[in-house]
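Just below is one structure, and these are the notes that go with it.
A short reminder: the numbers here are calculations on the coordinates, not readings from a lab. From a predicted model like this one, the values you see are computed outputs, not experimental measurements.
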Amino acid sequence: MLCPKCGHEQPDGNSVCQWCGVIFARIHPAPPELPLPEYSPESDSTEAVATLPALLKERLLQVDPDESRLLVAGRALVYLVLLVWGFRLMTSSIDSNYVGESILHLINLPFHEAGHLFFSPFGRFLQVLGGTLGQWLAPLAVLCAFVVKGNPFGGTVGLWWLGESFLDIAPYMNDARAGQLMLLGGVTGSEVEDYHDWEVLLTKLGWMRHDHLIAKATFMIGVVFMLLALAWGGYLLLRQYKNSGRQQASR
């Protein structure tokens with residue numbers, strides 16, 4: 001056997017080292033070293049995939065148990081407005097341009113024009129498309145900001161706005177060939193060449209004959225987003241109401 005202190009060889013069964021005099025019973029043997037698990041990039045990716053649904057669930061469905069009924073009532077009022085207004089917008093026709101004549105169109109318009117400016121360094125096509133992208137990116141940013149900040153109900157409002165913005169752009173797409181909508185400069189697309197965004201875009205893509213189909217698809221995407229927002233918001237409100245009821249009962 002080897003002395004655990006000095007390392008010299010000595011007969012088995014000795015209780016004291018013949019060289020350094022240490023008593024073996026007083027020395028605690030070091031625990032055996034366990035082999036480290038081998039690193040595998042696949043294990044990291046598997047763990048990330050496993051935790052992603054839980055993280056999304058926490059971010060999208062979390063409810064503060066300390067929220068008062070007054071706050072829940074305020075959110076319920078907002079939800080009711082979005083529900084009634086959203087129903088009116090979703091059931092309107094593209095040809096009526098009801099969405100484009102609502103006050104929300106005036107809210108979307110600055111982001112539309114800012115999109116043209118922001119994407120202007122990236123060429124003519126993206127500059128024109130940037131108007132539509134601008135009014136879609138603004139509510140998407142609101143949605144993401146609220147979710148990151150831990151306010152999923154605010155995220156539902158952002159998603160509702162994103163859906164409304166899809167509805168808002170559909171009549172513009174639908175008008176690409178006709179050019180009858182009054183544009184920001186006080187003229188129609190048929191009066192000024194190379195001025196109507198979706199006339200320019202669909203002409204460059206060679207999709208002008210599909211303008212009505214593209215408009216309908218965009219409108220339906222907007223409807224889906226708004227319905228998802230209302231379902232999401234309704235679920236959160238129900239949970240918040242139940243939590244606030246338990247909070248009141250515990251006092």
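Quick look at the numbers
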{"item": "Residue-span extension gain [C6 to L70] - 0.36 nm each, minus C-alpha spacing", "result": "15.5 nm"}
{"item": "The stretch 70-250 - Kirkwood radius from inverse mean 1/r over Cα pairs (Å)", "result": "17.5 Å"}
